[in-house]
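Below is one structure; the comments refer to it alone.
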Amino acid sequence: MATTTPKLISDKKEMRNWSRSMRAQGKLIGFVPTMGFLHMGHLSLVSQARSLCDVVAVSIYVNPGQFAPSEDLSTYPSDFQGDLRKLAALPGGVDVVFHPRNLYDYGNNSDDVAASGVGAAASCVDGDGSGHESWVRVEKLEVGLCGKSRPVFFRGVATIVAKLFNIVEPDLAVFGKKDYQQWRVIQRMVRDLDFSIKVIGAEITRESDGLAMSSRNVHLSPEDREKALSINKSLLKAKSAAEDGQVHCEKLKNLVIQCITEAGGRIDYAEIVDQNNLGKVEQIKGPVVFCIAAWFGKVRLIDNMEINLSIDV
């Protein structure tokens, strides 16, 4: 397959200038933010952006702002050269890969110390008073689901996405629905802060056996990976039960919790919530999404399934 090598940019000014030159030519700019170690799920987001836009930018940046001290920043998988090859091999390719060194380093008030390499860098994790201290909060949507066990996560996600939006200046951005809460948080942030960006939610990409694609799947042992199939299987059972008339959420949640627990998983949360405001639902009366987070061995996986019932009131 023929490949098209994307332009590689690490400097913020250069990234902005590229986007502004594309817009001056009347081109619609699509954007897919990632943390790298790309799989088919990520690539499907890029393909969707390509189908909707004239040019596409992909960022590869592992964001330290969304990891708590106890979490797995240092072990987050990386394969930058492999990522570039995958992006180049996509039909239509990718126009730009934005790969900054550290978007929280501002040393000596330099506009872009990551690009210049000059000055003493001050990072959001340094805490010496000169580092990053401005954060974006989407106060209600960030609280439940993943926000319970990862209290700094969505603060970090919303902030880095806002920074990337300000640097890349896209017209459209694509996020995966596997991270359902993240997608809704970003949509709300864009609405509330008047970003002129359309945020698209792309459907979950799954392995042939139903496991939702995730960069963390690589850490699963063969045994735990087999056990993790219980997530999608249980969600399908719950959706089928709801479509057959079981609309009481507690019973549906118990069905899923039992299935995953019996398979050897540890539930972080199992919640049925409104698709838009993510509020908990006791009885299904409209569009909901069943969201799951569960541990298998040392790996925390998330998944979800939308349930769209026509309820006669």
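Scanning segment 249-276 for residues that are closer than 13 Å to Ile307 by Cα and open to solvent by 80 Å² or more (accessible area, probe 1.4 Å) yields one hit, Asn276.
Taken together, the residues in segment 33-61 that are open to solvent by 10 Å² or more (accessible area, probe 1.4 Å) and part of a loop (DSSP other than H, G, I, E, B) amount to 6.
Scanning segment 158-172 for residues that are out of contact with any Pro (no Cβ under 7 Å at 6 or more places or on another chain) and buried (at least 19 other Cβ atoms within 10 Å of the Cβ) yields Ala158, Thr159, Ile160, Lys163, Phe165, Ile167, Val168, Glu169, Pro170, Asp171.
Would you check if there is a residue in segment 237-252 being modelled with pLDDT of 95 or more and closer than 26 Å to Asp72 by Cβ?
If we filter segment 237-252 for residues that are modelled with pLDDT of 95 or more, which is where we start, we get 237-252.
Cutting the leftovers down to closer than 26 Å to Asp72 by Cβ gives us none.
So far as segment 237-252 goes, no, none of its residues is modelled with pLDDT of 95 or more and closer than 26 Å to Asp72 by Cβ.
Candidates in segment 9-25 are the residues that are touching a residue at least 12 places away in the same chain (Cβ under 8 Å) and farther than 26 Å from Tyr104 by Cβ; of these, the one that is surrounded by the fewest Cβ atoms within 10 Å (Cβ to Cβ) is Arg23.
Residue check: Pro222 meets all listed conditions (1) modelled with pLDDT of 95 or more; (2) farther than 28 Å from Thr34 by Cβ; (3) loosely packed, with under 15 Cβ neighbours inside 10 Å but one, namely (2). Taken over segment 225-242, the criterion of being touching a strand residue (DSSP E or B) at 6+ places or on another chain (Cβ under 9 Å) and either open to solvent by 30 Å² or more (accessible area, probe 1.4 Å) or not hydrophobic (A, V, I, L, M, F, W, C) (or both) is satisfied by Arg225, Lys227, Ser230, Asn232, Ser234, Leu236, Lys239. Per the listing Val281, Val299, the residue uniquely more than 30 Å from Ile60 (Cα to Cα), surrounded by 15 or more Cβ atoms within 10 Å (Cβ to Cβ) and of a type in the set (Val, Ile, Thr) is Val281.
When residues in segment 62-99 are screened for being in a helix (DSSP H, G or I) and either among the β-branched types (Val, Ile, Thr) or at pLDDT below 95 (or both), 3 of them pass.
What are the pairs with Cβ atoms under 6 angstrom where one residue, in segment 94-116, is of a type in the set (Lys, Arg) and the other, located anywhere, is modelled with pLDDT under 55? Sequence gap at least six, or different chains. Once the first residue is of a type in the set (Lys, Arg) and sits in segment 94-116, its partners that are modelled with pLDDT under 55 give Arg101/Ala114. In this structure, does Ile292 turn out to be buried (at least 17 other Cβ atoms within 10 Å of the Cβ), aliphatic (A, V, I, L, M), in contact (Cβ under 8 Å) with a residue 60 or more places away in the chain and touching a helix residue (DSSP H, G or I) at 6+ places or on another chain (Cβ under 8 Å)? Spelling it out, Ile292 is indeed buried (at least 17 other Cβ atoms within 10 Å of the Cβ), aliphatic (A, V, I, L, M), in contact (Cβ under 8 Å) with a residue 60 or more places away in the chain and touching a helix residue (DSSP H, G or I) at 6+ places or on another chain (Cβ under 8 Å).
Do we find a residue being over 19 Å from the mean Cα position of the chain (by Cα), farther than 25 Å from Lys148 by Cα and modelled with pLDDT of 95 or more anywhere in segment 182-194?
Residues of segment 182-194 that are over 19 Å from the mean Cα position of the chain (by Cα), as a first pass: 192-194.
The next check asks that each one be farther than 25 Å from Lys148 by Cα; those that pass are 194.
Checking the rest, the ones that are also modelled with pLDDT of 95 or more come to 194.
Yes, there is a match, as at least one residue in segment 182-194 is over 19 Å from the mean Cα position of the chain (by Cα), farther than 25 Å from Lys148 by Cα and modelled with pLDDT of 95 or more.
Can you find, within segment 137-157, the residue that is surrounded by the fewest Cβ atoms within 10 Å (Cβ to Cβ) among those that are among the β-branched types (Val, Ile, Thr) and within 16 Å of the chain's Cα centre (by Cα)? Across segment 137-157, the extreme among qualifying residues is Val152.
Condition check: open to solvent by less than 30 Å² (accessible area, probe 1.4 Å) and small (Gly, Ala, Ser). Does Gly210 satisfy that? Answer is yes for this residue.
The values are calculated or read from the model by the stated rules, or taken from the named source; none is laboratory data. Source: prediction; values computed, not measured. Cβ sites come from the backbone with ideal geometry, for glycine too, and all protein chains shown count toward neighbours. Heavy atoms of the whole protein, side chains included, go into the accessibility calculation; ligands, DNA and RNA do not. Shrake-Rupley method; radii C 1.70, N 1.55, O 1.52, S 1.80 Å.
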